[in-house]
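Reviewing the structure listed below.
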Amino acid sequence: MMTQIIKVLVVDDSAYVRKVVRQMLSRSPFIEVVGAARDGKEALELVEQLRPDVVTCDLMMPELDGVGFVREQMRRRPVPIVIVSIASRSGETALAALDAGAIDFVRKPTALATEKVLEISDELIEKVKAVAAAPLRGLLIASPPALPPLLARAATRVDIVVIGISTGGPQALKYLIPQLPADFPVPVAMVLHMPVGYTELYARSLDNLSPLRVVEAR
């Protein structure tokens with residue numbers, strides 16, 4: 001049972017979004033929003049001052065955008081970062097943020113002036129809780145150890161391997177899938193919670209990293 005309070009820094013150039021994200025996270029008694037930043041440059045300063053456990057971050061911002069912030073923050077001191085952005089406008093940029101070290105992302109609704117923005121509240125709360133407890137160092141390891149041969153041996157006795165994954169999934173699959181050889185004996189299906197607009201780009205990204213051919217399911 002969770003008892004520790006998770007300190008969160010909210011980063012977005014929209015004052016309205018900062019207010020709404022604060023309200024959404026404040027629904028959890030285990031989350032405290034300790035500050036808000038208008039851009040990546042201010043966020044870097046506030047991370048040092050406030051020492052948050054998790055940062056939620058927009059992508060498109062003046063001064064220093066989301067990718068630039070993630071890259072610089074990870075260079076200074078790794079912190080769990082959840083991207084909160086509009087998928088249709090920034091799919092490739094979100095993947096770049098993951099490459100830079102962000103753990104996961106949540107889709108920000110385009111209709112920000114309506115109650116629809118509150119629909120992501122439960123998802124955002126759960127992801128913030130999960131990434132706060134994530135072994136960040138393990139997710140960011142540059143050269144992961146070889147996948148134990150057990151999986152490949154087991155695959156010869158089944159018809160398909162199905163991987164179900166939740167928060168941290170994008171990073172975890174980029175760790176796992178490139179370790180599977182091109183001659184892996186059975187098909188692999190991956191099921192993960194990802195906003196519409198990202199899946200095709202993400203599959204293409206995995207394909208570029210992997211000996212296996214990776215495509216979006218159709």
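Every number here is computed from the coordinates shown, using simple stated rules; none is lab data. The shown structure was predicted, so the numbers you read here are calculated from the model rather than taken from an experiment. Don't worry about glycine lacking a Cβ; one is built from the backbone with ideal geometry, like all the others, and counts go over all protein chains shown.
The table for this structure:
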quantity: Peptide ranges 49-57, 16-24 listed from the most packed, as the mean C-beta count within 10 angstrom indicates; calculated: 49-57, 16-24
quantity: Residues whose placed amide H lies under 5 Å from that of G168, excluding near-sequence neighbours; calculated: none
quantity: Diffusion constant of the stretch 1-100 at 4 °C, which comes from Stokes-Einstein with the Kirkwood Cα-pair radius and 1.567 mPa s, µm²/s; calculated: 96 µm²/s
quantity: Cut-off under 5 Å, modelled amide H: who pairs with A37 long-range; calculated: V10, V11, D12
